[in-house]
1. Give me the accessible area per residue for the chain, probe 1.4 Å, as a whole number in Å².
2. Checking the a/c ratio against 1.5 first, then a/b against b/c, what shape does the Cα gyration tensor give for the stretch 51-119?
3. Which distance in nm do the two modelled labels at L157 and L55 give, with both placed 7 Å along the Cα-to-Cβ direction?
4. Can you list the residues, at least 5 places off or on another chain, whose amide H is less than 5 Å from the amide H of V294, using H built in the peptide plane?
5. Give a residue-ordered list of calculated ³J(HN,Hα) values for the stretch 264-277 (Karplus: 6.51 cos²θ - 1.76 cosθ + 1.60, θ = phi - 60°; whole Hz; x for Gly, Pro).
6. How far is helix 36-49 tilted off the main Cα axis of the chain, in degrees rounded to 10, range 0 to 90?
7. Would you grab the residues whose amide H sits under 5 Å from the one on S186? Only those 5+ places off in sequence or on another chain, please, with H modelled 1.01 Å from N.
8. So who's got an amide H within less than 5 Å of the one on L143, skipping anything under 5 residues away but keeping other chains? H placed 1.01 Å off N, in plane.
Amino acid sequence: MTTSAPCPSPTTAASFAGRHVLAELRGVPAALLADDAAVACALRTALDDCGATTLDVVTRRFEPQGTTVLALLAESHASVHAYPEAGAAFVDVFTCGEHADPERIVEVLGREVGAVEVRAQIVARGAGLAPDVVGQREVDEPLAAGMRRRWRIDEVLWRGRTAWQDMIVARTAQGISLFCDGERQSTEATQLTYHEALAVPPLLLADSVSRVLVVGSSEGVVSQLAVAAGAEHVDHVDIDAECVRRCAELLPYGYSPAELEAAEFGSGPVQVHYADGWQFLADAAARGDRYDVVIVDLPDEPVEVDDPAQHARLYGTPFLQRCASVLAPGGAVCSQAGCPTMWRNDTLARMVGRFSEVFPTVLPYCSDEHEWAYLTGRLDPVDDPIALATSRLSRFPSLTSIDGPALLRGSILPFALRAR
């Protein structure tokens, strides 16, 4: 019988993708680990249940104790090295292709041998692939120097390169999620917590919310929150038309396709402009346009000073000054300002300094239900911005993550920043 290999051979394939799982199974009964037949049976069960094609299995029992089981797979290989004296097994599973899931193989194997604890590392392996997306099964998101977060992708709904960024919309454990340039932007489970933290404080601190300008925020949730708070006109400016349209098509939150189409034609309270926010603000100031609220929602500020990312200049003091130049009296400007955690708070520290340069009143909101911080500024002094914002919570018919105590708690910058 001839078996075709789902994993292309190096001589015939220009590129391939796979995942290599290195795992430790702890708390396994010693008697089972000493039985090479039992270990082999458990491994076969895990491989069969998870769609792997087993070509051969080799076992070896050692004296005075210990067992090794090696499975040759059409997709690559799997091995178990068992140490009865430690109640532990060390597992190595590498598969390429899409139909055999090495993480699931390890999970099932742990269940079959009765492991109390399963620890696993997943290594993305492949050639000719984007560095942050391997086999469309994982996104390896940078967090800080030496720190990354790996997102497991259950299903890719769309992946491609827009004119401005790499974009993925996919199903994850947090529901349908948006990734841009390898970084998570929003997820179905947490997007409202994020967007409320961004939009609610400025929509409360401003004396009026009749006219709102949103820069970035491709999903459209911020525009919807502004309308819910009473905005009569919202200009939504985003440079990436394809990203905005893909979000409306694929995300279960934010604009629907019909809402976006209406916004593109300006037939409702929201009007979408596909333009550079930097230039849009300059043109708006030249026309004498005024806004009660300006909200800036962008990917995090690039760490490298010479980073060519188009949005990098939208974090500087000159851009905040442009935002301030279009404010109506009693208006407010808000920006996503980075992360409050001490291992990646450089952006927040810089943004606190910039906001303090431009605005006499600065209201922070550091969400403890998300990993981001936001800053809102007014051009006039306000004695108690928290009390003022709290007194206006009735502007919103409903909120899911913000109330008066949350506003108070979130207004306190982390100690590491205050100590500077």
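The values are calculated or read from the model by the stated rules, or taken from the named source; none is laboratory data. Please read all numbers here as calculations on a predicted model, not as lab measurements. Glycine also receives a Cβ, built like all others from the backbone with ideal geometry; neighbour counts cover every protein chain displayed. Note: accessible area is taken over every heavy atom of the protein model, side chains too, but ligands, DNA and RNA are not part of it. Shrake-Rupley method; radii C 1.70, N 1.55, O 1.52, S 1.80 Å.
1. On the way: 18510 Å² over 420 residues.
For the chain, the per-residue accessible area is 44 Å².
2. Oblate, because a/c is 1.5 or more while a/b does not exceed b/c.
3. Output for this residue pair reads 3.9 nm.
4. Excluding prolines and chain starts, which carry no amide H, the hits are L213, A332, V333, C334.
5. So the J values, rounded to whole Hz, are 5, 8, x, 9, x, x, 9, 10, 8, 10, 8, 7, 6, x.
6. 40
7. L178
8. R148, R149
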